[in-house]
Amino acid sequence: MIAPVFITLVLGQIETSRLGMVSQLLTTAAREGCRVAVIPGKAQSDVQNRVNSVLAGSGIPIGAVTPTCPSPDVWDSSSAGTPITVRLSVPYSSVSWLGTPFFLKGATITASATMSSERP
């Protein structure tokens, strides 16, 4: 009688923990990608490679992550101190371990990082 309720609570906790873990991983990847973006002479492919390397082995499908950052043209013309933001998003359905719960259908996990340009 109590087993179905207990199992439901345990599975809910597993999914909630996964949500927190993926959110933290995306935040770390966005921060690392942004760190590359603010350095002079770096291209968008360098940012994407850094994000991919941070997410490698995390169980997050690289193809499911959508990066958004200004183009290198904006980076090259930005002066020192200009804020550059890298945003990452992934559909929750791509990272769920147990299937997407009804209350998270269509949910997207997002993370972003903003740093000041280091160009002279």
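The values are calculated or read from the model by the stated rules, or taken from the named source; none is laboratory data. Keep in mind that this is a model prediction, so the values were computed, not measured. Cβ: placed from backbone, ideal geometry, glycine included. Neighbour counts: every protein chain shown.
Considering only region 34-48, state which residues are at pLDDT 90 or above and within 13 Å of T66 (Cα to Cα).
The answer is none; no residue qualifies.
Which of the residues belonging to region 20-66 are over 26 Å from S96 (Cα atoms) and among the acidic types (D, E)?
Within region 20-66, just D46 meets the criteria.
Name the residues in region 105-120 that are at pLDDT 85 or above and of a type in the set (A, V, I, L, M), would you?
I109, A111, A113, M115
I'd like to know if region 11-31 contains one or more residues that are among the hydrophobic types (A, V, I, L, M, F, W, C) and over 12 Å from the mean Cα position of the chain (by Cα).
There is at least one residue in region 11-31 that is among the hydrophobic types (A, V, I, L, M, F, W, C) and over 12 Å from the mean Cα position of the chain (by Cα).
Taking region 63-75 as the search range and keeping residues that are part of a helix (DSSP H, G or I) and surrounded by 13 or more Cβ atoms within 10 Å (Cβ to Cβ), which one is modelled with the highest pLDDT?
Here the residue is A64.
With respect to S93, determine if the residue is among the polar types (S, T, N, Q), within 23 Å of M21 (Cα to Cα), outside any helix (DSSP H, G or I) and at pLDDT 75 or above.
Considered against the rule, which asks whether it is among the polar types (S, T, N, Q), within 23 Å of M21 (Cα to Cα), outside any helix (DSSP H, G or I) and at pLDDT 75 or above, S93 comes out as no.
Residues in region 6-20 that are without any contact (Cβ under 8 Å) to a residue 24 or more places away in the chain and either surrounded by 15 or more Cβ atoms within 10 Å (Cβ to Cβ) or in contact with a Pro (Cβ under 7 Å, 6 or more places away or on another chain) (or both): how many?
Residues that pass the stated criteria total 0.
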